[in-house]
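The structure appears right after this line, and notes come after that.
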Amino acid sequence: MKTTETDPVIAELHAVRDEHAARLSHDIGAIFEDIRATQKTLARECVRLPARRAGPAAPGKREGN
């Protein structure tokens, strides 16, 4: 089984994400601004779904079980 440390796709994803963050001095605001600017240039629609509230846990169920 591949883990996040050994999966080449995940490793490439992390490398691209780290490179993007480094270009923007790891400033989270700048990163999101850059992503939103990129989305505006795309030829397809970016869908924004409304936030969902988490409901109460079912009786007898615990997180992780």
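The values are calculated or read from the model by the stated rules, or taken from the named source; none is laboratory data. Because the structure is predicted, anything quoted here is derived from the model rather than measured. Neighbour counts run over all protein chains shown; Cβ positions are idealised from the backbone, glycine included.
The table below lists the values:
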{"read-out": "Residue match in region 39-48 (condition: assigned to a helix (DSSP H, G or I), surrounded by 10 or more Cβ atoms within 10 Å (Cβ to Cβ), at pLDDT below 90 and on the phi < 0 side of the Ramachandran plot)", "value": "yes"}
{"read-out": "Residue list for region 6-25, restricted to those being surrounded by 12 or more Cβ atoms within 10 Å (Cβ to Cβ), in a helix (DSSP H, G or I) and more than 15 Å from the chain's Cα centre (by Cα)", "value": "none"}
{"read-out": "Pairs, first within 18 Å of Thr38 (Cα to Cα) in region 8-22, second at pLDDT 95 or above and assigned to a helix (DSSP H, G or I), C-beta under 9 Å, six or more apart", "value": "His20/Ile31; His20/Asp34; Ala21/Ile28; Ala21/Ile31"}
{"read-out": "Flag for Ile31 being in contact with a His (Cβ under 9 Å, 6 or more places away or on another chain), assigned to a helix (DSSP H, G or I) and at pLDDT 85 or above", "value": "yes"}
{"read-out": "Criterion (out of contact with any helix residue (DSSP H, G or I) (no Cβ under 6 Å at 6 or more places or on another chain) and surrounded by 10 or more Cβ atoms within 10 Å (Cβ to Cβ)) met by exactly one of Ile35, Ile28", "value": "Ile35"}
